[in-house]
């Protein structure tokens with residue numbers, strides 16, 4: 001092999017992803033952030049992961065599973081990362097977090113027969129509230145209930161539902177044992193459109209927050225995670241992430 005061939009060989013290998021450079025991701029049905037359409041995974045967070053992995057030239061398979069199983073697979077190290085996810089203290093014990101992908105809201109949805117415009121906890125007194133179980137919204141709603149007790153307000157009753165589509169259909173059908181839903185605003189509005197729900201509306205925000213990718217602390221390669229995060233921030237600085245989010249009418253985060 002002459003010197004030219006050696007040089008070409010080295011250049012090609014430098015451009016190719018390192019063997020075994022892979023981050024495995026798991027997500028769940030959470031439109032507009034992640035969902036399956038025509039047998040293909042789509043959504044704002046899916047596009048962000050794919051674009052970032054292309055930028056840093058690593059393989060990033062993504063699997064869609066129920067949320068409980070997604071968390072189980074990250075904890076056991078079957079995959080290294082999950083998306084999208086809100087930050088809380090309990091999760092921070094076993095996950096490290098990417099830079100924030102986007103800004104969103106948690107708030108309350110009601111049946112259109114309910115005139116409520118949510119402003120304060122007193123608006124919730126005694127209400128039956130549905131929420132996706134094993135979710136960050138469930139944790140936040142539990143805290144809201146405790147705040148109501150401490151404020152001498154009649155607390156809400158919480159009904160955890162395993163499926164977001166189901167809980168919104170319940171509210172559309174004149175409540176069906178729930179009076180409100182506590183949900184991500186963007187998810188709720190997407191589910192209303194996708195399920196053609198005519199009787200559900202957003203009553204107002206309770207909290208603004210960011211969504212992230214969570215990487216398993218025990219099993220994700222720290223150097224590869226850092227490489228991913230740096231690639232994401234590079235795309236964010238270039239405006240690529242904001243362009244992806246704009247396609248889904250989602251709000252980006254200003255880069256540092």
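The values are calculated or read from the model by the stated rules, or taken from the named source; none is laboratory data. Note that the structure is predicted; figures quoted are calculated from it, not measured. So basically every Cβ, Gly included, is an ideal-geometry build from the backbone, and we count neighbours across all protein chains shown.
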Query raised in the report: Applying the selection to the range 53-76, what residues are farther than 20 Å from residue 232 by Cα and buried (at least 17 other Cβ atoms within 10 Å of the Cβ)?
Result: 64, 67, 70, 71, 73, 74
Query - Complete set of residues in the range 136-150 that are surrounded by 14 or more Cβ atoms within 10 Å (Cβ to Cβ) and over 14 Å from residue 207 (Cβ atoms) - result: 145, 148
Query raised in the report: Would a scan of the range 105-114 turn up a residue that is more than 22 Å from residue 245 (Cα to Cα) and outside the structural domain of residue 191 (by TED's automatic domain parsing)?
Result: no
Report task. Check off (1) farther than 22 Å from residue 43 by Cβ; (2) in contact with a helix residue (DSSP H, G or I) (Cβ under 8 Å, 6 or more places away or on another chain); (3) buried (at least 19 other Cβ atoms within 10 Å of the Cβ) for residue 171 and give me the number that stays unchecked. Result -> (2)
Query raised in the report: Tell me, which helices (runs of 4 or more DSSP H) wholly within the range 178-256 include 1 or more residues that are touching a helix residue (DSSP H, G or I) at 6+ places or on another chain (Cβ under 6 Å) and more than 26 Å from residue 142 (Cβ to Cβ)?
Result: 222-237, 240-247
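Residue by residue, here is whether (1) touching a residue at least 24 places away in the same chain (Cβ under 8 Å); (2) in contact with a strand residue (DSSP E or B) (Cβ under 6 Å, 6 or more places away or on another chain); (3) assigned by TED's automatic domain parsing to the domain that holds residue 231 holds:
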{"site": "143", "(1), (2), (3)": "no, no, no"}
{"site": "148", "(1), (2), (3)": "yes, no, no"}
{"site": "159", "(1), (2), (3)": "yes, yes, no"}
{"site": "166", "(1), (2), (3)": "no, no, no"}
{"site": "172", "(1), (2), (3)": "yes, yes, no"}
{"site": "176", "(1), (2), (3)": "no, no, no"}
{"site": "181", "(1), (2), (3)": "yes, yes, no"}
{"site": "186", "(1), (2), (3)": "yes, yes, no"}
{"site": "194", "(1), (2), (3)": "yes, no, no"}
Report summary line: Subset of the range 73-90, residues touching a residue at least 12 places away in the same chain (Cβ under 8 Å) and under 19 Å from residue 105 (Cα atoms), comes to 83, 84, 85, 86, 87, 88
Requested in this report: Collect the residues in the range 30-50 that are surrounded by fewer than 17 Cβ atoms within 10 Å (Cβ to Cβ) and either within 19 Å of residue 227 (Cβ to Cβ) or in contact (Cβ under 8 Å) with a residue 40 or more places away in the chain (or both), keeping them in residue-number order.
Outcome: 50
